[in-house]
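In what follows, a structure is listed as structure tokens, so that the remarks can point back to it.
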2 protein chains.
Amino acid sequence: MHFQFMVYKFDFNQNRLRLEESFAALIGIIFIYEAFDKIIDINRHRPVRLHTDQILPPNCSCFTSNTTRKLNLIMTINDCYKNQSHQFIGIPCQIINDKAYIPDVFFFSIILFLSTFTLAYTLKNFKFSRFLPMSVRTKVSDFGVVLAIFINVLIDYFVGLDTLKLAVPQKFATTKENRGWIIRPFGKNSPYIWLAAVLPALLATILIFMDQHITTVIINRKENKLKKGSGYHLDLLIVAVCIGINSVFGLPWFVAATVLSINHVIALKLESGTAAPGEKPKFLGVREQRVTGFIVFLFIGLSVFLTKILGYIPMPVLYGVFLYMGISSMKEIQFISRVLLIFMPEKYQPDYVYLRYVRTSRVHMFTFIQISCLVLLWVIKSVESISILFPIMVLALVGARKVMDYLFTQRELEYLDDVVPEVVKKEIEERKNSASLDKTDEENQ
Amino acid sequence: MHFQFMVYKFDFNQNRLRLEESFAALIGIIFIYEAFDKIIDINRHRPVRLHTDQILPPNCSCFTSNTTRKLNLIMTINDCYKNQSHQFIGIPCQIINDKAYIPDVFFFSIILFLSTFTLAYTLKNFKFSRFLPMSVRTKVSDFGVVLAIFINVLIDYFVGLDTLKLAVPQKFATTKENRGWIIRPFGKNSPYIWLAAVLPALLATILIFMDQHITTVIINRKENKLKKGSGYHLDLLIVAVCIGINSVFGLPWFVAATVLSINHVIALKLESGTAAPGEKPKFLGVREQRVTGFIVFLFIGLSVFLTKILGYIPMPVLYGVFLYMGISSMKEIQFISRVLLIFMPEKYQPDYVYLRYVRTSRVHMFTFIQISCLVLLWVIKSVESISILFPIMVLALVGARKVMDYLFTQRELEYLDDVVPEVVKKEIEERKNSASLDKTDEENQ
């Protein structure tokens with residue numbers, strides 16, 4: 001009842017709110033940001049030593065294997081390296097020695113990261129090149145990401161450096177040792193703590209509801225031409241039941257993940273073969289089935305037995321795939337195309353339908369309001385002390401949308417704030433035009 | 001007289017031979033190959049240590065700063081690193097210690113190399129994007145390579161690793177010390193050695209003649225719309241005089257460099273501003289002047305006083321620029337587009353004029369003959385013991401061209417072996433078509 005009320009209130013089923021687009025953009029940006037953040041974070045596990053051109057402190061020198069010490073000489077770390085000396089002797093050396101340092105791995109990780117992203121992106125877009133027959137191209141595209149991972153794992157293997165590897169647990173057990181498989185509801189806390197837990201629980205509910213629902217709304221968009229009907233309430237029910245069960249066992253909660261789901265749909269796209277060159281393949285629909293979903297989760301389960309193979313996959317390769325997924329999920333979001341529009345002079349603008357009816361300055365204003373909302377969400381997400389308010393702020397987006405009703409005319413909002421995909425809009429537009437032309441012709445006769 | 005004869009024989013002035021294209025392709029490929037070769041060669045100056053996951057030999061262990069030695073333990077280099085130990089103790093360690101090793105620099109150099117190339121390439125093509133007004137875009141494009149160098153020098157500076165830097169001599173002197181500024185013609189050799197020198201001198205003459213002349217022919221192509229007339233003989237005379245003078249002082253010889261000259265022309269292209277979006281800018285001509293040439297060589301001269309600044313430029317950044325120049329000079333060569341054609345199914349082929357008149361299999365045959373010639377040249381260039389024959393083989397290309405007269409009809413060669421640029425050909429083609437249409441119309445009336 002409660003959920004139904006919210007669904008109605010949000011007008012989700014009518015697909016009339018760009019709210020879900022802002023949210024998808026936020027999730028996409030988080031994906032891209034996290035990829036870079038994590039690759040830089042490798043520096044914490046495999047710290048790099050920079051500024052080797054600085055002079056060593058006095059009375060600190062480097063040890064050479066023939067045990068001669070060069071004291072009181074003005075030397076840099078580079079000079080030591082050139083003498084094949086990698087150890088620093090003397091108490092003042094502490095500032096160097098105390099900093100943990102693993103050579104080569106950090107920079108090699110960056111190369112793996114960029115190489116995986118570039119390869120995945122190039123292979124995925126190989127479909128649109130003119131080379132090789134269409135059937136080969138499609139295969140290369142379909143397996144582009146897998147190929148990119150495979151090739152870079154091989155590179156990592158043959159280089160043989162100590163890159164961070166995917167940490168797969170060696171045995172089937174709880175992460176925290178000896179906590180048992182069933183979580184006692186109150187633990188060592190006073191039973192009355194559940195009263196205080198209502199507030200964070202409510203926030204968590206909002207977040208789960210938004211995350212799950214926004215994702216399903218994006219997937220169920222008309223432009224995806226899904227044949228199977230939507231199941232908003234059933235989906236939520238299953239999510240709720242699963243979260244209940246998982247909580248008892250202390251397992252992670254699962255909701256539909258925006259970026260992964262969008263990528264799943266992209267991967268299953270069914271397109272018409274093109275007969276003539278230059279002709280764009282038509283989007284026919286999505287290969288709707290339960291096989292991919294089943295096999296994906298089967299393999300996640302089987303990964304317990306594949307720890308040895310998975311242990312060969314370096315983390316930078318996975319971060320490269322995250323970056324690829326983040327960027328490819330962003331490409332189809334109108335908000336992003338409107339952000340890019342800000343940097344385009346009017347005469348170079350692409351022929352978007354909404355630009356025919358809404359003045360550019362108004363489009364930019366709409367975009368800037370969206371950007372401010374996103375920045376606000378980002379700040380709240382990032383500042384730890386207030387990040388608990390994040391779900392509330394996601395809800396506040398609905399309020400922001402209401403304010404737009406006063407700033408923009410209904411006609412403007414109709415074009416800016418509509419989820420009918422650009423391609424469909426253009427078709428409607430052109431049909432209208434030719435119809436009115438026919439009419440003029442008739443009148444002239 | 002001798003030169004004039006050759007010019008006539010080669011039909012250079014009539015611009016009828018694709019010979020110069022094969023040569024330009026070879027030079028471009030050499031540029032790209034050298035860029036990669038040199039970046040890998042950094043491993044010789046800043047050797048990297050790979051396969052750190054291998055187990056240390058018995059009785060070899062690593063030194064830790066608290067002077068405890070862990071002997072007879074099965075350890076890898078990675079384990080030593082994790083203990084912050086970078087020195088290996090024990091006689092069996094020699095196989096590790098004897099290999100020179102500078103950490104981090106090699107991988108960082110690869111990152112700089114790729115970053116410079118990608119940035120230069122992206123900024124140069126920024127002109128064709130839709131962002132920012134045309135004037136800003138053109139500026140960014142024009143200074144793209146300089147910007148790429150500047151940004152990457154800054155990155156290198158702030159990272160502060162011991163990357164290979166541009167080695168600029170600190171004082172104005174001959175490379176070989178005490179050899180004096182004037183080279184004695186015979187040195188310590190017997191004066192009769194000049195007889196034997198005739199043969200290599202002849203080969204050098206052919207090479208200089210080909211290199212200089214092919215470059216000037218490429219630059220003087222009709223498609224470049226140069227207003228100033230060609231000066232093949234005068235240019236050669238100046239080159240000959242300069243080589244004579246430089247030889248006396250033991251300075252390097254100068255001829256027109258193919259890749260650099262093509263890039264100079266590309267940089268000076270004058271294009272019409274586009275009024276409508278999507279419209280391709282028209283090539284109006286080349287900004288012909290003597291300022292760039294003068295300033296370039298002035299700065300090369302001034303570099304003697306700029307050693308300190310030039311010393312900040314890492315070599316990988318320059319290799320990145322070489323790669324960019326090699327690739328950008330290849331783009332306009334028909335041979336390369338025909339090589340790519342091999343991998344395209346017939347129905348996806350672009351609408352090249354020669355494809356309208358020559359069967360695809362014949363086009364491929366022509367391309368394969370060119371490829372074999374190039375491979376032969378490459379092999380001769382690479383195998384040291386026969387590389388002296390390279391100039392002869394370049395001449396032999398003329399013979400290969402003669403053989404083509406028997407393999408292809410004159411009509412086929414007219415389309416494949418013609419330097420009239422693709423764009424011009426298409427225009428002629430279309431005018432012909434519309435003319436014949438007009439004629440048919442007249443006949444019908």
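What follows is calculated from the coordinates using simple rules that are stated; it is not laboratory data. Given the structure is predicted, the values throughout are model-derived calculations rather than measurements. Neighbour counts are summed over all protein chains in view; Cβ atoms, including those assigned to glycine, are modelled from backbone coordinates with ideal geometry.
Quick one: Cα centre-to-centre distance for region A:227-265 and region A:316-346, in angstrom?
26 Å
Quick one: which residues, 5+ away or cross-chain, put their amide H under 5 Å from the amide H of residue B:165? H built at 1.01 Å from N.
Long-range HN contacts for residue B:165: B:315.
Provide B:230, A:382 in ascending order of the number of other Cβ atoms located within 10 Å of each residue's Cβ, fewest first.
The most exposed by this proxy come first: A:382, B:230.
Would you mind giving the mean number of other chain beta-carbons within 10 Å of the Cβ of each residue in A:95-102, as a whole number? Please list the in-between numbers first.
Numbers: counts 0, 0, 3, 2, 1, 3, 5, 8.
Rounded to a whole number, the mean comes out at 3.
What ³J(HN,Hα) values, in whole Hz, does the Karplus curve 6.51 cos²θ - 1.76 cosθ + 1.60 give for region A:283-291 when θ = phi - 60°, with x put for Gly and Pro?
For region A:283-291, the Karplus-derived couplings read 7, 9, x, 10, 5, 7, 6, 10, 5 Hz, x marking Gly and Pro.
In nm to one decimal, list the spacings between the residue A:396 label point and its equivalents in the other copies, with label points set 7 Å along Cα to Cβ, shortest first.
7.8
Looking at region A:223-321, which GluC sites (Glu not before Pro) are DSSP coil and have at most 16 other C-beta atoms within 10 Å of their C-beta?
Answer by residue number: A:279, A:288.
Could you pull the copy-to-copy label distances for residue A:130, with points set 7 Å along Cα to Cβ, in nm to one decimal and sorted shortest first?
Inter-copy label distances (nm, one decimal, shortest first): 2.3.
Arranged by the count of other C-beta atoms within 10 angstrom, fewest first, what order do B:357, A:324 take? All intermediate terms of the calculation are to be shown ahead of the outcome.
On the way: B:357 14, A:324 24.
Exposure proxy ranking, most exposed first: B:357, A:324.
DSSP loop trypsin sites (Lys or Arg not before Pro) in region A:126-155 with at most 16 other Cβ atoms within 10 Å of their Cβ, which ones?
On the way: sites: A:127, A:130, A:137, A:139; in loops: A:130.
Passing both the DSSP loop test and the Cβ count: A:130.
For residue B:171, go 7 angstrom from Cα along the Cα-to-Cβ vector, then report the distances to that same point in the other copies in nm, smallest first.
Result, one decimal in nm: 7.3.
Taking the alpha-carbon centroid of each part, what is the distance from region A:192-207 to region A:102-136 in angstrom?
The distance from the Cα centre of region A:192-207 to that of region A:102-136 comes to 44 Å.
Cα-Cα pairs above 21 Å in region A:297-421: how many percent? Write out the running numbers ahead of the final one.
Working: 4615 of 7750 pairs.
Tail fraction, whole percent: 60.
In the structure shown, do any of A:139/A:269; A:99/A:308; B:38/B:99; A:347/B:225 have a Cα-Cα gap over 24 Å, and if so which? Write down the numbers at each step before the final one.
Numbers: A:139/A:269 13 Å; A:99/A:308 32 Å; B:38/B:99 20 Å; A:347/B:225 30 Å.
Table pairs above 24 Å Cα-Cα are A:99/A:308; A:347/B:225.
Residue by residue through B:146-157, how many Cβ atoms from other chains fall within 10 Å of the Cβ on average? Could the numbers behind the result be given before it?
Numbers: counts 0, 0, 0, 0, 0, 0, 0, 0, 0, 0, 0, 1.
Shielding by partners across B:146-157 averages 0.
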